[in-house]
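Student: Handing you a structure now.
Values in this text are rule-based calculations from the coordinates and carry no lab data. Only a predicted model underlies this, so the values are computations on that prediction, with no experimental measurement involved. Here the Cβ is made from the backbone with ideal geometry for all residues, glycine too, and neighbour counts use every protein chain on show.
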Amino acid sequence: MLRPAEQLLMSNRVVEWTKVVATTLERLLALGVLVGSIYFAFHSALVLMEADWRSAEAYYQLIYRILLIVIGVELIRTLVTHDLMAILELIAFVVARKMLKPELTSLDILVGAAAFGLLLAARRYFFPATTTLWKEQET
């Protein structure tokens, strides 16, 4: 049977070990997303070079692929920094990408607009100093 001091010491070791393992796994996942994003970017460049730029579909594919790459970069940033602003920006890009789909219904557009509104409200609530600076720059 362990004494309370030994239990506390062992508990602290387990917590520290868990943090190290979780951080390492997150970094490995971020590295995997980075490699995948770079591969996707090169593949996208090749696909877009062969696209028929007289059609609107080619432009749609360009924007869609760029947003996917940006989502990958924001996911890497979120995994590495655990920053709330990075999470909000990641969600904003995911919603933006979803809003570009041509087969959207009116309900999808309404939900997307509401999601953007909630993201702006969350940004204002969690980062009031940033929104104050934003207002000062506009005037």
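Student: Tally time: how many residues in segment 33-67 are more than 16 Å from PRO102 (Cβ to Cβ), under 21 Å from the mean Cα position of the chain (by Cα) and of a type in the set (Phe, Trp, Tyr)?
Tutor: Adding up the residues that qualify gives 3.
Student: When only residues in segment 71-91 that are under 21 Å from ALA122 (Cα atoms) and over 8 Å from the mean Cα position of the chain (by Cα) count, which is surrounded by the most Cβ atoms within 10 Å (Cβ to Cβ)?
Tutor: Checking each candidate, the answer is LEU79.
Student: Report, by residue number, each residue of segment 43-90 that is closer than 28 Å to GLY117 by Cβ and among the charged types (D, E, K, R).
Tutor: Result: ARG65, GLU74, ARG77, ASP83, GLU89.
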